[in-house]
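Chemist: Sharing a structure here in structure tokens format.
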Amino acid sequence: VSVAEAGRWTAILCVVLVGAGTAPAADLLPPDADLTAREVVSRVEDNMRGVKSSTCEATMTVVSPRLPAPREVRFACWEDRDGDRSFIRILAPAKDEGVGFLKIPPNLWNYIPRVERTVRIPPSMMMQSWMGSDFTNDDLVRESSALDDYEHGFLGVDPAFAGLDGPPRRAYVLEYLPHEDAPVVWGRIVVWVDAERFVPLQQEFFDEDGVLLRRMRLGDVREVQGRSVPHLWSMVPLDKEGHETRLRYQSLRFDEPVDASVFTKRNLSRRE
Amino acid sequence: MGLELRLAWRNVWRNPRRTGLTIAATVFAVFLVVFFVAMGAGLHEKMIEDSVRVHSGHLTVTGAGYLEHKTLEYGVSFDPPLLAALEGDPAVAGIAPRLTGFGLLSKTAKAQGVMVMGVDPEREGSVSTLPERVIEGRFLANGTARGIVLGSRLAANLGATLGDELLLYSVAYSLEMAYELFTVVGIMRLPEPTLDRRFAVIRLADAQEFFVYGDLVTEVALLTSSAEAAAPLAERLRGELPERPESPISVHTWNEVLPELEQLILLDDAQMYITLAILVIVVAFGILNTILMAVLERTRELGVLLALGFRPAAIFRLIYLESLMLAGVGLCIGLALAIPAVFWFEAHPILLESESMTAMVEMFGMEPVMTWKFKITNPIGSAATIFGVATLAALYPAWKASRARPVDALRAV
């Protein structure tokens with residue numbers, strides 16, 4: 001057996017082992033008969049259907065072996081769901097106060113008050129870290145539609161999925177496979193959906209070679225204006241040991257009047 | 001033996017034209033082999049020198065693990081004990097601390113992802129040719145903060161000219177947003193277009209501030225006398241450098257830092273040696289053919305020798321000596337022509353001026369110059385190989401001649 005061959009077999013073995021280790025199929029119950037995968041996804045979407053805009057205040061906490069203490073970033077956000085535009089203004093730390101992000105697909109603009117410059121983040125930077133966190137710029141501007149851009153498969157039902165917080169919950173486990181032409185960078189996404197409230201509890205992102213790259217968990221699900229919305233997001237990149245980013249919404253409101261002028265480059269570079 | 005030698009020498013010159021042609025073929029082979037091996041050596045040395053003088057140095061001191069991951073996790077403190085240890089070794093000819101990071105460089109609407117290297121303006125020139133590559137403006141200087149020197153294609157893509165303020169944008173080691181305005185002080189031309197398009201240098205101190213990196217660097221590039229001297233120096237430094245259990249240091253030679261360059265050289269060598277092997281085999285057949293013809297032509301004469309009491313072993317020696325003489329004369333003339341030629345070309349490298357040639361050579365990241373390099377192993381190795389092959393080729397005719405039976409041989413025409 002040549003070295004190359006041995007290497008190949010080792011690689012195959014690794015893929016099989018890793019696959020077996022991460023495949024959720026192991027102790028899942030067979031899918032319920034009354035809902036298809038697509039219907040589950042549709043129910044999740046329904047939870048947010050009709051929302052025209054949202055405003056938030058949130059704190060992002062970055063944990064990394066690089067940092068002696070977790071780093072916190074506080075920001076406010078405005079989203080125009082109809083126009084698929086959003087705006088973020090950094091509130092803290094003081095050094096970055098006033099930094100703004102404006103998303104008008106397919107562009108993402110970043111304004112930096114200290115140097116009075118606006119940068120358009122180019123496509124090549126989309127997979128780079130957003131503000132040093134484990135979220136990427138792409139997470140901010142992602143345009144894909146959960147319903148239209150994927151083929152959905154039902155992997156099973158987890159009778160007691162232990163999520164980020166709270167008691168274990170019954171969860172539908174779905175597989176999202178992006179369509180050929182979909183604007184999606186992942187090869188596969190596995191999603192755990194709360195079977196009762198139809199909110200996602202966990203998402204696992206795989207690359208095209210089937211390697212699990214990151215895991216996002218959602219928790220602190222609260223009722224906001226009649227909708228169940230997770231208020232705590234945790235992103236863990238699996239290729240970087242000891243890293244985690246947590247995003248906690250202090251406030252989240254829907255359909256409060258948002259002036260259209262918020263989503264302009266003029267507003268982006270406005271001095272506070 | 002003396003008689004055989006004299007006989008062989010005379011026989012060699014009995015048919016001067018045939019002998020001359022065979023010698024010419026040998027001369028040709030020797031010349032080509034020595035010349036091309038020297039050209040390969042020159043080319044490869046140039047490739048290595050050009051590459052190490054842009055990228056890595058002959059040796060690179062990094063944090064253990066940096067080479068695999070190329071992230072800021074593996075910083076090395078460039079402190080007085082490390083500097084003293086490096087300066088203490090007489091083989092170290094240049095020391096350049098660097099901080100290599102990645103970011104976005106933007107001029108108003110245009111932005112480009114870049115590799116940005118923080119260098120010590122005073123030390124950098126002792127290892128790399130970066131300061132000499134500036135074609136417009138000047139290189140960095142310790143006195144001026146926040147200057148930036150751009151690759152020429154990068155500058156063109158951004159539409160940046162001297163004096164422009166560019167925004168460098170990245171994520172610091174502390175995971176903060178890193179952004180700073182830098183003034184274009186110079187534009188440099190790098191031979192490798194892919195690098196020229198996305199490479200910029202700033203002062204090490206500015207880079208350390210920008211990436212919030214303290215007094216750390218990602219690598220210390222070292223220059224030594226030649227590529228060959230790198231491995232023994234690396235071995236020595238591994239023992240000499242200060243021990244740092246909390247952040248171990250590792251020393252890499254150029255071929256570990258640029259494995260693709262070494263691969264390219266090995267591949268190129270393999271191709272060259274296969275071509276030369278074919279050439280040598282053709283020449284061997286030429287010698288074989290000449291001697292065999294000579295033997296067949298002289299069957300009668302050999303029969304007479306045998307009838308006079310020459311032993312078959314003596315006939316074998318006679319014919320064998322003739323072949324060796326042919327090869328030997330060819331070798332001597334070939335070497336006498338090739339060695340001065342190599343020396344001459346080594347002193348007079350050829351500039352490749354044509355545009356297509358320049359473009360092709362630039363793909364490999366070297367300057368469009370053809371150079372030769374004389375190494376004593378080249379003529380010795382080439383001569384030994386050709387002589388060895390010629391010796392083998394002579395076995396058959398010599399053996400055939402010694403097998404002749406006097407009666408048959410005398411009857412032959």
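Chemist: Quick check on this structure: which one of B:Val185, B:Val171, B:Val201, B:Val134 is of a type outside the set (Asp, Glu) and within 14 Å of chain A (Cβ to nearest Cβ)? Walk me through how you get there before you give the answer.
Modeler: Numbers: B:Val185 fails: within 14 Å of chain A (Cβ to nearest Cβ); B:Val201 fails: within 14 Å of chain A (Cβ to nearest Cβ); B:Val134 fails: within 14 Å of chain A (Cβ to nearest Cβ).
It is B:Val171.
Chemist: Taking B:Ala207 as meeting all but one of (1) within 14 Å of chain A (Cβ to nearest Cβ); (2) of a type outside the set (Lys, Arg); (3) within 30 Å of A:Ala69 (Cβ to Cβ); (4) outside any loop (DSSP other than H, G, I, E, B), write down the number of the exception.
Modeler: For B:Ala207, the exception is condition (1).
Chemist: Here's another thing I want to ask about it. Which of the residues that make up region A:99-111 are more than 14 Å from chain B (Cβ to nearest Cβ) and crowded, with 21+ Cβ neighbours inside 10 Å?
Modeler: A:Leu102, A:Lys103
Chemist: All but one of (1) away from chain A (no Cβ under 14 Å); (2) modelled with pLDDT of 90 or more hold for B:Ser126; which doesn't?
Modeler: (2)
Chemist: Follow-up. Check every one of the strands (runs of 3 or more DSSP E) wholly within region B:53-119 and list those with 3 or more residues that are touching an Asp or Glu at 6+ places or on another chain (Cβ under 9 Å). Can you show your working first?
Modeler: On the way: elements: B:59-63, B:94-107, B:110-119.
Result: B:59-63, B:94-107.
Chemist: Here's a check for you: in region B:96-106, which residue that is surrounded by 22 or more Cβ atoms within 10 Å (Cβ to Cβ) and more than 14 Å from every other protein chain (Cβ to nearest Cβ) is nearest to B:Val171 (Cα to Cα)? Steps first, answer last, please.
Modeler: Of all residues in region B:96-106, those surrounded by 22 or more Cβ atoms within 10 Å (Cβ to Cβ) come to B:96-99, B:101, B:103-106.
Narrowing further to those that are more than 14 Å from every other protein chain (Cβ to nearest Cβ): B:96-99.
Working: B:Ala96: 24, B:Pro97: 21, B:Arg98: 18, B:Leu99: 14 Å.
So the residue we want is B:Leu99.
Chemist: Every residue in region B:145-198 that is in a loop (DSSP other than H, G, I, E, B), in contact (Cβ under 8 Å) with a residue 60 or more places away in the chain and over 34 Å from the mean Cα position of the chain (by Cα), please.
Modeler: Correct list: B:Ala145, B:Arg146, B:Tyr173.
Chemist: Further, regarding this structure: Does any residue of region B:230-251 turn out to be closer than 30 Å to B:Leu104 by Cβ, part of a strand (DSSP E or B) and within 14 Å of chain A (Cβ to nearest Cβ)?
Modeler: Within region B:230-251 (the criterion being closer than 30 Å to B:Leu104 by Cβ, part of a strand (DSSP E or B) and within 14 Å of chain A (Cβ to nearest Cβ)), the answer is no, since none of the residues qualifies.
Chemist: If you don't mind, another one. When the residues of region A:112-154 are narrowed to those that are of a type in the set (Ser, Thr, Tyr) and either in a loop (DSSP other than H, G, I, E, B) or within 11 Å of chain B (Cβ to nearest Cβ) (or both), which ends up farthest from the chain's Cα centre (by Cα)?
Modeler: Among those residues, the one meeting the criterion is A:Thr118.
Chemist: Separate question: Got a number for residues in region B:234-277 being exposed (fewer than 13 other Cβ atoms within 10 Å of the Cβ) and under 15 Å from the mean Cα position of the chain (by Cα)?
Modeler: So the count comes out to 7.
Chemist: Pick out the one residue from B:Gly75, B:Gly57 that is within 14 Å of chain A (Cβ to nearest Cβ), buried (at least 17 other Cβ atoms within 10 Å of the Cβ) and within 28 Å of B:Leu241 (Cβ to Cβ).
Modeler: The match here is B:Gly75.
Chemist: Look through region A:80-98, keep the residues that are part of a strand (DSSP E or B) and among the aliphatic types (A, V, I, L, M), and return whichever of them is nearest to the other protein chains (Cβ to nearest Cβ).
Modeler: The residue in question is A:Ile90.
Chemist: If you go through region A:64-79, how many residues are within 10 Å of another protein chain (Cβ to nearest Cβ) and touching a residue at least 12 places away in the same chain (Cβ under 8 Å)?
Modeler: Residues meeting the conditions: 4.
Chemist: From A:Ser228, A:Ser234, which residue is surrounded by fewer than 17 Cβ atoms within 10 Å (Cβ to Cβ), in contact (Cβ under 8 Å) with a residue 40 or more places away in the chain and assigned to a strand (DSSP E or B)?
Modeler: A:Ser228
Chemist: Right, next: Any idea which of B:Ala85, B:Ala93, B:Ala109, B:Ala64 is farther than 19 Å from B:Arg203 by Cα and within 14 Å of chain A (Cβ to nearest Cβ)?
Modeler: Criteria check complete, one pass: B:Ala109.
Chemist: Taking the condition of being outside any loop (DSSP other than H, G, I, E, B) and surrounded by fewer than 15 Cβ atoms within 10 Å (Cβ to Cβ), how many residues in region A:251-264 meet it?
Modeler: Final tally of qualifying residues: 4.
The values are calculated or read from the model by the stated rules, or taken from the named source; none is laboratory data. Keep in mind that what you see is a predicted model, and the values were worked out from it rather than measured. Positions of Cβ are backbone-derived with ideal geometry, glycine not excepted, and every protein chain shown enters the neighbour counts.
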